[in-house]
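Q: Dumping the structure here so I can ask a few things about it.
The values are calculated or read from the model by the stated rules, or taken from the named source; none is laboratory data. This one's a predicted model, so the numbers in the text were calculated from it and none came from an experiment. FYI the Cβ positions are ideal-geometry reconstructions off the backbone, even for glycines, and counts take in every protein chain you see.
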Amino acid sequence: MLAILGVITILCLLVSVMSKRLSPLVALIALPIVAALIGGFGLQTSTFIIAGIKNVAPVVGMFVFAILYFGVMTDAGMLDPIIDRILRTVGTRPTRIVFGTALLALLVHLDGSGAVTFLVTVPAMLPLYTRLGMDRRILACVAAMAAGVNFLPWTGPVLRSSAALHVPVSQLFQPLIIVQLVGLAFVFACAWGLGLREERRLGLGAGSLGSESTPKRVLGVDDEALRRPRLFLPNLLLTVVVMAVMIAGWIDPVVMFMLGTVVALCVNYPNVDAQRARIDAHAKTALTMASILLAAGVFTGIMQGSGMLKAMAEVAVAGIPAGHGKLIPAVVGFLSMPLSLLFDPDSYYFGVMPVIAEVGRSLGVDPLQVAQASLLGVHTTGFPVSPLTPATFLLVGLCKVELADHQRFTIPFLFAASVLMTFTALLLGVF
């Protein structure tokens, strides 16, 4: 009963969000509550909701203050010299711009954080896309691919897998290095192809894209009034400190972004009215993001607390015939990216994957292979399009595209990357 109810709930969520029949906020809150009431949990549902909200609270705080921080820094013009340098380097060739987007996202994601990757990459590249009239879905897609394929030993999925199965990170990651390199080659090939497509769509041939056609920065009177060019170095230094301390793990990200926002406001806009105006200017984006993240906490809290997630996993693995046990890693690999749409990271790696691994063990399959197959898609290539991960909403919010449009455009590319890496793993004998 719980498994069926869980499947119906998740399918309803995906269909309602992707078809735009319900907003993500409404779907993430209403659907799981209805499912829990149907399942007979009654008032206990509120306990599941509170547990889910507590789990996402630090993430909500981080995103709210991250949006405020980067909003203030953008207003002050910290990104202007960086954007101008990138623009001079890539010119106005969409192929170079899209390729550069992939490279920038790949380098930023070395810290292992998808949220930080999007917070840095999108504000830097979006003005180029806007000036040339390029499709913003491509920006979201390429950033998602670069971050998704670039899973590293210190990223969440790898660490969760290691903790769940009690195996060293090196045993998980080292056999997948070549597999990942193939995936990254696919990412850059797609980026170049998407850039070529934009050149044709915009009618920009190679001969018409010289340096003389580089668009000039044009700021309105209000934007000019907000700029603080003399504070570029202090703002840049503050950003480097905030990011370095956060990446090093010395201080929690939400605390660093809180402190960074306070310092940024005081340094750039010491007047109280000016500070209030800057907060008001970005409050809508921050509030929208916070509400979505809290709604995601409601969904995951109910699905996990009610036992629907565990029930679905047990039913799925119980249907595997004994003679086909060795196919489990391959099946998990091919389905790994779509599984990100069904399970949040903790639910899968700590709830679902151990069950699958245990079933595989009983059928003669090394549990390590199940974990490696999972890493080829479950909240690696899959996290930037999953409605269950906050970074997805951050990405679409920064790119100013609808979630449904982003999913329809990007999912085929991410799924293809996952399938390609799975085939590569099979050919190399990883599993």
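Q: Is one or more of the residues making up region 124-142 in a helix (DSSP H, G or I), in contact with a Phe, Trp or Tyr (Cβ under 9 Å, 6 or more places away or on another chain) and under 23 Å from Val352 (Cβ atoms)?
A: no
Q: I would also like to ask the following. What helices (runs of 4 or more DSSP H) lie completely within region 254-345 and have 1 or more residues being closer than 30 Å to Ala244 by Cα and at pLDDT 90 or above?
A: Because the criterion is at least 1 residues that are closer than 30 Å to Ala244 by Cα and at pLDDT 90 or above, the helices (runs of 4 or more DSSP H) in region 254-345 that meet it are 272-305.
Q: Given the criterion touching an Asp or Glu at 6+ places or on another chain (Cβ under 9 Å) and at pLDDT 80 or above, identify the matching residue among Thr95, Thr130, Thr121.
A: Within the list Thr95, Thr130, Thr121, the selection yields Thr95.
Q: Related question: Given the condition in contact with a helix residue (DSSP H, G or I) (Cβ under 7 Å, 6 or more places away or on another chain), at pLDDT below 75 and under 17 Å from Leu233 (Cβ atoms), answer yes or no: does some residue in region 59-81 qualify?
A: The answer is yes; a qualifying residue exists.
Q: Here's another thing I want to ask about it. Within region 19-51, how many residues turn out to be under 30 Å from Met256 (Cβ atoms) and either modelled with pLDDT under 85 or in a loop (DSSP other than H, G, I, E, B) (or both)?
A: Number of matching residues: 1.
Q: Select, from Leu159, Leu106, the only residue that is part of a helix (DSSP H, G or I), free of Cβ contacts under 8 Å to residues at least 40 places away in the same chain and surrounded by fewer than 24 Cβ atoms within 10 Å (Cβ to Cβ).
A: On inspection, the qualifying residue turns out to be Leu159.
Q: Of these, Gly301, Gly307, Gly297, which one is on the phi > 0 side of the Ramachandran plot and of a type outside the set (S, T, N, Q)?
A: That would be Gly307, the only listed residue that is on the phi > 0 side of the Ramachandran plot and of a type outside the set (S, T, N, Q).
Q: Hey, another quick one. Do we have any residue at all in region 350-364 that's surrounded by 20 or more Cβ atoms within 10 Å (Cβ to Cβ) and within 16 Å of the chain's Cα centre (by Cα)?
A: Checked against the condition, which is being surrounded by 20 or more Cβ atoms within 10 Å (Cβ to Cβ) and within 16 Å of the chain's Cα centre (by Cα), region 350-364 yields no hits at all.
Q: Test Val149 against the criterion of being free of Cβ contacts under 8 Å to residues at least 60 places away in the same chain and either more than 17 Å from the chain's Cα centre (by Cα) or within 23 Å of Thr389 (Cβ to Cβ) (or both), and give yes or no.
A: So Val149 fails the test.
Q: Still on this structure, please answer the following. Would you point out which residue out of Phe393, Phe423 is within 23 Å of Ile356 (Cα to Cα), in a helix (DSSP H, G or I) and not charged (D, E, K, R)?
A: Answer to the check: Phe423.
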